[in-house]
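Just below is one structure, and these are the notes that go with it.
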Amino acid sequence: MRKLIPIYVRIPLLYAIMFAVLEYFIDSGDRPAFIKYPIVALFHIVFIFLLIAIEVVLNSVEKVSYHLLSPEEKVQYDLEQTKPIAQQEAFKRWMNKFTASKSIHEEADVLLDHDYDGIKELDNVLPPWWVGLFYGTIIFALVYLVRFHIMDEYNQDQEFATEMQVADKAVEEYMKTAPDVMDKDKVTLLTDASAIAEGKTLFDANCVACHKADAGGAIGPNLTDKFWINGGGIKNVFNTIMEGGRPGKGMIPWKDQIKPTQIQKIASYVLSLQGTNPKDAKPVEPEAKEWKDEATVPSADKTATVVVDSTAKK
């Protein structure tokens, strides 16, 4: 086998197998195990050293054994080494153990008495590799039975929940560095407490200088009433923060300084302040117009229903 696989292939192959096994079984997060854990890196070095040492020892033993052979044995050994790998005795012995096959000269020992028009049958045994694999499946089935049906370690629902937690964590980590794709067409109003709280934090850090902490307005307009210069609603407020206010005298665009998803939270927080009526709020700007959401505006073509009292006296 050492002749079949050269040393320059054998050592890297064994090292790659060991590397793959360690990385599979050691949970090191988003970094390789040998980088996160120095002891693993040390094991890599020791393993490579052992591979080289074993090769050196085996090569030395082979040379010493060759020198101990008689001249006739050396000739026979050299002749054996010149044969193709499939014709060498060592390879034949290995294949015989792997397949338990009989040579053509030994077929008489396994020949059955059946004879069908001159066709005879050999009573060959199952190959050891097949038998070993079959017994392996039995052992696996027993372990599976005990682990999941007797000890009830975990079921598919629990496995799914665990994998979803891992996936959610991976998405959370990805979103920290992922490109922000929120825009005016996709933005929606956020109402959950965590998003509103984060929006307030961002508002306090970036907006209070012009709009005051209560959003009642200072340099900028009052954001708590129903009058808007560039339109109300989540899409208009989001777009105003992104692209800026009135040309020449309005708010600067914030899209280069704040992420779009963060602007969504700021806009949602601002809209949550509607109707709070802060003290000393700034008067309505001349350009501002009353904003009514389309969902709350009654349709003009709807006909009022008139209820007539049929019992009333005329």
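Of the residues Val166, Asn96, Val64, the one whose Cα sits farthest toward the positive end of the charge dipole of the chain, with +1 on the Cβ of Lys and Arg and -1 on the Cβ of Asp and Glu, is Val166. Ordering Ala205, Ile266, Ala218 by Cα displacement along the dipole of the chain toward the positive end leaves Ala218 in first place; charges were set at the Cβ atoms of Lys, Arg (+1) and Asp, Glu (-1). The distance linking region 226-240 with region 1-66 is 65 Å (Cα centroid to Cα centroid, whole angstrom). Ordered by the count of other Cβ atoms within 10 Å of each Cβ, fewest first, Ser70, Ser101 give Ser70, Ser101. Placing +1 on each Lys and Arg Cβ and -1 on each Asp and Glu Cβ, with no other charges, gives the chain a dipole about its Cα centre of roughly 1800 debye. Residues whose amide H falls under 5 Å from that of Leu111, counting only those 5 or more places apart or on a different chain, are Asp123, with hydrogens built in the peptide plane. Full extension of the segment from Asp192 to Phe91, taken as 0.36 nm per residue of separation minus the current Cα-Cα distance, would add 29.3 nm. Note on region 1-47: dipole from Cβ charges, positive end direction compared against Tyr8, Leu22, Phe34; the farthest Cα belongs to Tyr8. Karplus-based coupling profile of region 136-151, in residue order and whole Hz: x, 5, 5, 4, 4, 5, 5, 4, 4, 4, 5, 5, 9, 10, 9, 7, with θ = phi - 60° in 6.51 cos²θ - 1.76 cosθ + 1.60 and x standing for Gly or Pro. Roughly what angle does helix 260-272 make with the longest principal axis of the chain, taking Cα atoms, 0 to 90 degrees, to the nearest 10? Relative to the chain, helix 260-272 is tipped by roughly 40 degrees. Within the listed set Lys120, Lys212, Lys176, the Gaussian network model of the chain (springs between alpha-carbon atoms below 10 Å) gives the highest mean-square fluctuation for Lys120.
The modelled label-to-label distance for the pair His67/Lys289, using points 7 Å beyond Cα in the direction of Cβ, is 10.3 nm.
Placing +1 on the Cβ of every Lys and Arg and -1 on the Cβ of every Asp and Glu, with nothing else charged, gives region 7-102 a dipole about its Cα centre of roughly 220 debye. Straight-line cross-link partners of Lys184 among the lysines, defined as a Cα under 16 Å from its Cα and at least 8 positions apart when in the same chain: Lys235, Lys255, Lys259, Lys265. When each of Val125, Val270 is scored by the number of other beta-carbon atoms lying within 10 Å, the sequence from fewest to most is Val125, Val270.
Using the Karplus relation 6.51 cos²θ - 1.76 cosθ + 1.60 with θ = phi - 60°, the per-residue 3J(HN,Hα) values for region 34-43 come to 6, 8, 6, 10, x, 5, 5, 4, 5, 4 Hz, with x marking Gly and Pro.
Candidate cross-link partners of Lys92 among the aspartates and glutamates, defined by an alpha-carbon separation under 13 Å and a same-chain spacing of 8 or more, comprise Glu80. Both radii are taken from the alpha-carbon atoms of the chain; with Rh as the Kirkwood radius, Rg/Rh is 1.35.
Exposure proxy for Met242, Met182, Met151: other Cβ atoms within 10 Å of each Cβ, ordered fewest to most, give Met151, Met182, Met242.
Residues whose amide H comes within less than 5 Å of that of Gly220, counting only those at least five positions distant or on another chain, are His211 (H built at 1.01 Å from N in the peptide plane).
Phi angles across region 243-253 convert, under the Karplus curve 6.51 cos²θ - 1.76 cosθ + 1.60 with θ = phi - 60°, into 3J(HN,Hα) values of 9, x, x, 5, x, x, 9, x, 5, 6, x Hz, Gly and Pro given as x.
If R0 is 41 Å, the Cβ-Cβ spacing of Val56 and Thr99 corresponds to a FRET efficiency of close to 0.80.
Just so you know, all these numbers are worked out from the coordinates, no wet-lab data involved. Keep in mind that this is a model prediction, so the values were computed, not measured. As a convention, Cβ positions derive from the backbone with ideal geometry for all residues, glycine included, and neighbour counts pool all protein chains shown.
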